[in-house]
Structures are given as structure tokens and as C-alpha cells.
Amino acid sequence: MQTKEGRYERIYSIPTPSEPAMQTDVLEHHILDRPPQDRARILEKLIASLDEDEQLAAAWANEAMRRDEAADRDPSLLIPAEEVFARARALLS
């Protein structure tokens, strides 16, 4: 909660099993209570993490396209799902 001085009070709650460990609004209050330099550093890290997510998604999309093209060129590379699952079950047993 924001005080009349414009600062945010620390809000603590015990999460229930259906709640994340730290609720987003609580995290937001903690961040907004930090000095401007800290908030700027946190913002930079958050933006960088979004860029990493986009880069990772693009890398996986490229890998999927590469594998699809390889399978089109040589269908013998494909393994039937039943065989994949059987191998996985054997490794896990």
C-alpha cells in the first residue's frame, strides 16, 4: 500500500498453494519502494530477459524448420512415436 509520503509499505502474506510464492502486486510494491538507481537496474534486467525469450523462441523456430527440412529431404531420419515412447519408457525403468 502507498503511504501519504508516496512510499510503499511492505506487504507480507503467506501464499496459499494456489498462489505464487510472491504475488505480483507484492513484488511490484517491493520494486517501487527501491531507489531510482535500483529500479533502473531491475528494468534493464527485465527488458534483457524479454529479449532473451524472443531470441530463444527464434532459435527454436529455426531449429524446428531445420529439422522439418531435413525430414523432407530424408524421411528415414524420422522415428515413429511408438518407438520414441518405448525407448523413453525403457530408459526410465
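Can you find even one residue in segment 27-36 that is at pLDDT 60 or above and loosely packed, with under 10 Cβ neighbours inside 10 Å?
Step one: list which residues in segment 27-36 are at pLDDT 60 or above, which gives 27-36.
Pick out the ones that are also loosely packed, with under 10 Cβ neighbours inside 10 Å and you get 35-36.
Yes, some residue in segment 27-36 is at pLDDT 60 or above and loosely packed, with under 10 Cβ neighbours inside 10 Å.
For ARG87, state whether it is among the basic types (Lys, Arg) and either under 24 Å from the mean Cα position of the chain (by Cα) or not in a helix (DSSP H, G or I) (or both). If you could, list the steps in order and put the result at the bottom.
Details: among the basic types (Lys, Arg): yes; either under 24 Å from the mean Cα position of the chain (by Cα) or not in a helix (DSSP H, G or I) (or both): no.
The answer is no for ARG87.
The values are calculated or read from the model by the stated rules, or taken from the named source; none is laboratory data. Keep in mind that this is a model prediction, so the values were computed, not measured. Here Cβ is always computed from backbone atoms with ideal geometry, including for glycine, and neighbour counts include all displayed protein chains.
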